[in-house]
Amino acid sequence: RQEITDVLHQLGIKEVNPAYSTGLEWGGTEGRTTRDILSPADGSLIASVNMATAEDYETIVSTAQEAFKVWRMMPSPKRGEIVRQIGEKLREHKEALGKLVSYEMGKILQEGLGEVQEMIDICDFAVGLSRQLHGYTMHSERPQHRMYEQYHPLGIVGVISAFNFPVAVWSWNAMLAGVCGDVIIWKPSEKTPLTAVACQHIIRDVLADNDLPEGIFNVIIGDAEIGSLMANDTRIPLISATGSTRMGKKVGEAVGARLGKSLLELGGNNAIILTENADLEMAMNAIVFGAVGTCGQRCTSTRRLIIHENVYEQVKERLLKVYPKLPIGHPLDSTTLVGPLIDKDAVKAFQGALKHVQKEGGNLLIGGDILEGVGYETGTYVTPAIVEAENHFEMVQEETFAPILYLIKYSGDVENAIELQNGVKQGLSSSIFSTNLLETEAFLSHWGSDCGIANVNIGTSGAEIGGAFGGEKDTGGGRESGSDAWRIYMRRQTNTINYSRELPLAQGIKFDI
Ligand code: UN1
């Protein structure tokens with residue numbers, strides 16, 4: 001507990017935390033409803049937060065609008081310099097922030113630190129990007145004309161993030177949008193607001209040291225109502241939302257109705273295909289981490305294992321040897337691999353899904369229990385489950401945000417496995433283990449995996465920040481983080497310049513006046 005108290009102190013977390021910040025100033029310190037944040041690890045009250053009101057929201061939006069006028073005038077590499085300094089601060093606070101992520105969310109410390117590392121990496125990426133926000137030039141059909149395109153900042157970008165990556169997803173959006181010249185309003189998950197408050201404390205000095213105005217990086221602690229205000233607000237040209245497909249559809253509809261832009265990062269139902277040519281030794285690590293890491297609460301978690309019948313029994317046996325030995329416990333204990341689920345509702349959903357799938361004919365091989373006794377008093381620690389199932393089962397078609405791995409048998413060619421892999425509504429991450437080139441290339445081809453992420457001989461989770469991250473179908477189609485994902489944070493403009501003394505019209509049109 002002393003360790004946690006030190007971390008909270010270092011990160012500026014108070015007993016009751018303000019409802020919002022516009023960068024330097026904090027607001028909403030009293031008279032609001034409060035929310036207690038309990039750690040899923042040991043049930044202790046970490047701290048409380050004030051919940052922002054609609055009035056607070058208005059304050060933030062108008063401050064952000066003013067800030068945009070200043071921020072967009074700063075050359076992009078200068079904005080990159082601010083982001084570079086933010087990256088440095090994150091390096092300084094990596095240990096503390098990683099611990100708080102772990103304690104507030106329940107992921108193990110290594111993953112908490114890994115999440116902060118992703119933030120540092122995206123800062124570095126964004127710094128380089130700040131000199132590379134380029135468009136094409138093209139040849140005009142008219143003489144002495146030049147055509148090119150530019151990317152201009154959009155304005156306010158709204159970021160609605162989820163509890164499972166409470167800080168990294170904000171940074172992917174905010175650091176890129178920031179160098180693009182946008183200002184950001186971040187609404188973190190109401191389950192994990194303290195890490196967001198901590199981030200705001202961490203970046204505050206950078207904003208102050210550089211004499212930046214209020215309103216560039218804003219955070220608002222609120223519930224779905226604040227999210228809905230954001231989605232419906234025409235002053236926010238882009239909403240980036242991470243969470244369930246149900247939430248994403250609501251946000252997407254509201255933003256779409258006003259013809260705004262949305263970047264949606266929603267549910268996954270990720271599969272690993274194991275062909276008979278798989279290196280099973282390698283595959284085992286990927287499967288186990290993919291299925292039980294983060295207690296099955298990554299959008300990239302491995303939920304389905306599609307196994308060739310010739311290796312099915314062997315794989316099942318191996319898994320059944322590993323699962324009873326999984327170290328389940330306090331996420332800050334260095335020997336733990338599996339921490340708790342986020343809360344009791346998640347535990348209910350986990351057990352409900354297992355009950356449902358068994359009714360459909362699924363065969364629960366192991367797991368599904370709530371752990372009790374010393375260290376497990378919260379009722380949020382569960383034993384990861386393995387279920388033999390069929391791909392078309394209702395429960396297999398759903399994303400249950402918990403450690404359930406469905407074993408699905410296939411026979412014949414890899415095409416059959418690909419069909420099963422694609423036979424769900426979601427399309428985020430996918431993977432194949434095979435040392436046969438014909439199989440792996442089929443999986444990567446246009447008739448192969450239909451997901452935004454398709455991996456060979458690595459698992460479904462743990463994507464690097466350098467690639468564009470996101471998926472198709474019910475996953476929402478958004479791409480964030482690396483590659484050219486930055487483009488969505490800018491508006492594109494095509495410019496044609498005439499440097500002749502004639503005015504030829506396009507398409508050969510001629511007229512006299
Ligand atoms: C998420 O679960 O919302 O690929 C993001 C991964 C991480 C990001 C997951 N880099 O597992």
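May I ask what percent, to the nearest 5, of DSSP beta bridges between residues of the chain are antiparallel?
On the way: 29 of 71 bridges.
Just about 40 percent of them are antiparallel.
Could you work out the helix-only [θ] at 222 nm for the chain, with each DSSP H run of four or more residues adding -39,500 (n - 2.57) and the total divided by the number of residues, to the nearest 500 deg cm²/dmol?
-12000 deg cm²/dmol, from helical runs alone.
List L371, L407 from most exposed to least, where exposure is judged by having the fewest other Cβ atoms within 10 Å. Kindly include the intermediate steps, with their values, before the conclusion.
Working: L371 16, L407 20.
The order, fewest Cβ neighbours first, is L371, L407.
How large is the Kirkwood hydrodynamic radius of the stretch 160-232, counting all unique pairs of alpha carbons, in Å? List each step's numbers first, then the result.
Values: mean 1/r = 0.0787 Å⁻¹.
After inverting the pairwise mean of 1/r, the radius is 12.7 Å.
If I model a spin label at S140 and D205 as a point 7 Å from the Cα along the Cα→Cβ vector, what separation in nanometres do I get?
Distance between the two pseudo-spin positions: 5.2 nm.
Using 0.36 nm per residue, how much length does the chain from T494 to L371 gain when fully extended, once their Cα-Cα distance is taken away?
On the way: separation 123, 0.36 × 123 = 44.28 nm, distance 6.00 nm.
So the extension gain works out to 38.3 nm.
If one puts a single equal scatterer on every Cα of the stretch 272-330 and applies the Debye formula without solvent, what log₁₀ I(q)/I(0) results at q = 0.25 Å⁻¹?
These q points yield log10 I(q)/I(0) values of -1.11.
If I take R0 = 41 Å and measure r between the Cβ atoms of Q314 and Q117 in this structure, what FRET efficiency does the formula 1/(1 + (r/R0)^6) give, to the nearest 0.05?
On the way: r = 35 Å, r/R0 = 0.86.
Calculated transfer efficiency: 0.70.
If you find the alpha carbon centre of the stretch 288-311 and of the stretch 25-47, how far apart are they in angstrom?
34
Between E394 and S44, take the C-beta separation as r, use R0 = 30 Å, and let me know the FRET efficiency to the nearest 0.05. Show your work: numbers first, answer last.
Details: r = 37 Å, r/R0 = 1.25.
Here the calculated transfer efficiency is 0.20.
Would you compute the Debye intensity of the stretch 169-299 from its alpha-carbon atoms alone, equal scatterers and no solvent, and pass along log10 I(q)/I(0) at q = 0.18, 0.20 Å⁻¹ to two decimals?
For the stretch 169-299, the Cα-only Debye profile gives -1.05, -1.19.
Hey, could you get me the Stokes-Einstein D for the chain, Kirkwood radius over alpha-carbon pairs, 20 °C and 1.002 mPa s, rounded to whole µm² s⁻¹?
Working: Rh = 24.1 Å.
Rounded to a whole number, D works out at 89 µm²/s.
If a helix is a whole DSSP H run, which ones in the chain reach 15 Å or further along their own axis (Cα) and hold a mean Kyte-Doolittle hydropathy of at least 1.0?
Working: long enough: 54-71 (25 Å, -0.26); 76-92 (24 Å, -1.26); 94-105 (16 Å, -0.15); 109-129 (30 Å, 0.58); 168-180 (18 Å, 1.19); 193-209 (25 Å, 0.73); 245-257 (17 Å, -0.29); 280-292 (17 Å, 1.64); 309-322 (20 Å, -0.78); 344-359 (23 Å, -0.58).
Correct list, ordered by number: 168-180, 280-292.
Whole number please: convex hull volume per residue, Cα atoms of the stretch 1-78, in Å³. Write down the numbers at each step before the final one.
Numbers: hull volume 10.6 nm³, N = 78.
It is 135 Å³ per residue.
What residues have an amide H closer than 5 Å to that of S430, excluding those fewer than 5 places away on the same chain, when H is modeled at 1.01 Å from N in the peptide plane?
I453, A454, N455
Would you work out the Kirkwood radius for the stretch 300-438? I mean one over the mean of 1/r across all pairs of different Cα atoms, in Å. The partial results should precede the final answer.
Numbers: mean 1/r = 0.0619 Å⁻¹.
Evaluated over the stretch 300-438, this radius sits at 16.2 Å.
Residues of the stretch 116-143 with amide nitrogen under 19 Å from the 7 Å Cα-to-Cβ point of Q150?
From the stretch 116-143, the list is 130-140.
If I model a spin label as a point 7 Å beyond the Cα along the Cα-Cβ vector, how far apart are those points for Q110 and N416 in nm?
3.6
Rounded to two decimal places and with Rh computed the Kirkwood way over Cα pairs, what is Rg over Rh for the stretch 125-180? Let's see the in-between values first.
Working: Rg = 16.8 Å, Rh = 14.0 Å.
So for the stretch 125-180, dividing Rg by the Kirkwood Rh gives 1.20.
I'd like the Kirkwood hydrodynamic radius of the stretch 419-467, using the inverse of the mean 1/r over distinct C-alpha pairs, in Å.
Working: mean 1/r = 0.0890 Å⁻¹.
Result for the stretch 419-467, one decimal place: 11.2 Å.
Can you give me the Cα centroid spacing of the stretch 429-473 and the stretch 483-513 in angstrom?
Result: 39 Å between the Cα centres.
What is the order of T440, T336, fewest Cβ neighbours within 10 Å to most? Walk me through the intermediate numbers first.
Working: T440 22, T336 19.
Lowest count first: T336, T440.
Over the alpha carbons of the stretch 391-445, what is the largest minus smallest coordinate on each principal axis, giving the biggest first in Å?
Largest to smallest, the principal-axis extents are 33, 21, 19 Å.
How long are the three semi-axes of the equivalent ellipsoid for the stretch 1-43, computed from the Cα gyration tensor as the root of 5 times each eigenvalue, in whole Å, largest first? Provide the component values of the computation, followed by the final result.
Details: eigenvalues 97, 44, 12 Å².
Each semi-axis is √(5λ); the values are 22, 15, 8 Å.
Kirkwood Rh and Cα-based Rg: tell me the resulting Rg over Rh for the stretch 1-145, rounded to two decimals. Mind showing how you got there, number by number?
Numbers: Rg = 20.5 Å, Rh = 18.4 Å.
Rounded to two decimals, Rg over Rh is 1.12.
How about the stretch 411-513: which GluC sites (Glu not before Pro) there are in a DSSP loop, with at most 14 other Cβ atoms within 10 Å of their Cβ? Don't jump to the answer; show the numbers that get you there.
Working: sites: E415, E419, E439, E441, E464, E472, E480, E502; in loops: E464, E502.
Passing sites in the stretch 411-513 are E464, E502.
What translational diffusion coefficient, to the nearest whole µm²/s, does the stretch 62-114 have by Stokes-Einstein, given a Kirkwood radius computed over alpha-carbon pairs, a temperature of 4 °C and 1.567 mPa s viscosity?
Values: Rh = 13.2 Å.
Answer from the Stokes-Einstein relation: 98 µm²/s.
Taking the Cα centre of the stretch 47-126 as origin, work out the dipole magnitude from +1 charges on Lys and Arg Cβ and -1 charges on Asp and Glu Cβ, in debye rounded to 20.
On the way: 10 positive and 14 negative charges, 66 e Å.
It comes to approximately 320 debye.
What share of the DSSP beta bridges in the stretch 264-414 is antiparallel, in percent to the nearest 5?
Numbers: 4 of 19 bridges.
Looking only at bridges with both residues in the stretch 264-414, the antiparallel portion is about 20 percent.
For Y151, Y410, which order do you get if you count the other beta carbons within 10 Å of each Cβ and list the fewest first? Don't skip to the answer; put the middle values down first.
Numbers: Y151 18, Y410 22.
Lowest to highest Cβ neighbour count: Y151, Y410.
Run the dipole for the stretch 300-360 about the Cα centre, Lys and Arg Cβ at +1, Asp and Glu Cβ at -1, nothing else charged, and hand back the magnitude in debye, nearest 20. Show your work: numbers first, answer last.
Details: 10 positive and 7 negative charges, 21 e Å.
With Lys and Arg at +1 and Asp and Glu at -1, about 100 debye.
Taken together, the values in this text are just the output of simple stated rules run on the coordinates, not laboratory data. Given the structure is predicted, the values throughout are model-derived calculations rather than measurements. Quick reminder, even Gly has a Cβ in these numbers, built from the backbone with ideal geometry, and neighbours come from all protein chains shown.
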